[in-house]
Structure formats: structure tokens, C-alpha cells
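These notes concern the structure reproduced below.
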Amino acid sequence: MDWLKETIFTNWPIFLFGFLGSFIVNKDVKFFGFFNIIGLLTIVLIGSNFYVHYLTIFAVSLAISSGVIVAYLARINLKYTAIILILLGIYQTSFNNLKYQLIDKETPEFFTAISIIEKFPGPLFTFEPIYGLYSGTDLTFHYNVADMRYFRVMGTNLTDEQYINILRITNIVLVEPFAKSITPLTIQDYIKGNFNLIYQDASQEIYTRN
């Protein structure tokens, strides 16, 4: 559950005030409080696979129930204290990352990879079809080309033979964090032995055929 702890810690203002507001009885918005509590328990306790983006479904309901707790605190003369705490929390959890993403980071790694992929003839083998879409490069056709990420959810994977058959008709290979986490080490070695590494950053590797 490390992903859950990290997500809640890095977004603690909306989770703290949202869930506090969920326990305040308010007939006008009681549905949202019920949804927050039952929804989180369902995501955590039911199902075998979890991804951080599952929690985005709580954004609206947590924001509304946060408003409920602020309104409650206003009635006991603590509204401004709550608002200051929320603003400080948002600054503490979000400012540095937003500044980096919007100002300091001049060329996001994604678009750097795109600019390199589009210089070489396809097809492209990747677990993330969006790279093919943005670069205008055809994907290596195979049965699972549209969504290979489901392998993680289903607890399955291709065999080494299937990977090799796909790679034999591939000219460009993109290895990003998700691909690296699920591609067998034998196949990663096959890629390194049969393709040239032309680009590498902290999270991505791009290979072209020898």
C-alpha cells in the first residue's frame, strides 16, 4: 500500500479536509460524504490491483465535502484558520512540482522521445501507443497492440517467443518505466543485443534496429 500512503501524503489537504467534511451530517451533501467513505474502502479492500489514478474519482466529492468542513468551522469562528491551513498545505505539496513542470522543465522527456522517434522509420514497439500517435509512427502490429498495460492487471504476460516474434518485425523500441517493469529480463537483453541504443534519459530508452 505504499502507493496509497504516498498519494494521500502528497495530497493531504484535500484528503484531510474532504474526509473530515464527510463525517459532518449535512442533508444537502450527505451523498458525497457517503461516497468518499464507501468509495475509498471499496478501492482499498476490494480488487487485487490498484493504480494511483483510481483516486481521481474522489476529486469533486472531496472538494465539496472540504467546503462542508470549512462552512462548519466558519460557524465556530475558525474559517480563516482553516483557509490558511489549506493554502499552506497546497503550497507545501504542490508548488515545487508545479514550478518544475511549468517553468523549470523546458523540454519534457515525453516530447524529447517523440522528436527522436519520428526521425526513424517504424514500426514502433511500445507499451504506450500514445508515443506512436504523437510521433505519427506506425506501431508494430500484434494482437495486444492497443493495450499491453492490461497484462499487469490480469497478471499475465507474453512468452519470450511471442516477444521475439514481435521484435523481429520492429524497427524502433521504446522502453519506458512501465515496459521495463513488465518486460522479462531475457527480452530486455534481446533488445540490447539486437538493437542500437540511440537515446536514454532518467526514465526512457529508445532503440533502433542494428
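Values quoted throughout were computed directly from the atomic coordinates according to the rules given, and no laboratory measurement underlies them. In this text, all values refer to a predicted model and were calculated from it rather than measured experimentally. A quick note on method: Cβ atoms are made from the backbone with ideal geometry, for glycine too, and the neighbour counts reach across all protein chains shown.
For the reader, a short list of remarks on this structure follows.
- Sparse-neighbourhood loop sites, chymotrypsin sites (Phe, Trp or Tyr not before Pro) in segment 108-180 - DSSP loop, at most 11 other Cβ within 10 angstrom: PHE141, TYR143
- Overall form of segment 89-179 per C-alpha gyration tensor (a/c, 1.5; a/b vs b/c): oblate
- Helical segments meeting 20 Å axial Cα length and Kyte-Doolittle 0.5 threshold in the chain (DSSP H): 30-45, 59-75, 79-99
- Estimated inter-spin distance, GLN101 and ASP189, nm [label 7 Å along Cα→Cβ]: 3.9
- Of LYS119/LYS180; LYS5/LYS180; LYS79/LYS105, pairs whose Cα-Cα distance is over 27 Å: LYS79/LYS105
- Per-pair calculated FRET efficiency, R0 = 22 Å: ARG168 and VAL145 via Cβ, rounded to 0.05: 0.90
- Inter-site label distance for LYS5 and VAL153 at 7 Å from Cα along Cβ, in nm: 2.7
- Options THR42, ASN144, ALA82, ranked by Cα towards positive dipole end of the chain, top entry (Cβ charges): ALA82
- Environment charge of ILE64, counting only residues whose C-beta is closer than 15 Å and scoring Lys/Arg +1, Asp/Glu -1: +1
- Segment 2-104: C-alpha gyration tensor shape, a/c 1.5 cut-off, then a/b vs b/c: oblate
- Taking the Cα centre of the chain as reference, the dipole from Cβ charges on Lys and Arg (+1) and Asp and Glu (-1) amounts to some 780 debye.
- Taking segment 10-26 and a reference point 7 angstrom along Cα→Cβ of TYR80, no backbone N atom is nearer than 12 Å.
- Here the contact order of the chain, divided by its residue count and restricted to Cα pairs under 8 Å and six or more residues apart, works out to 16 percent.
- Relative contact order computed over segment 9-113 (Cα-Cα under 8 Å; 6+ residues apart), in percent: 35
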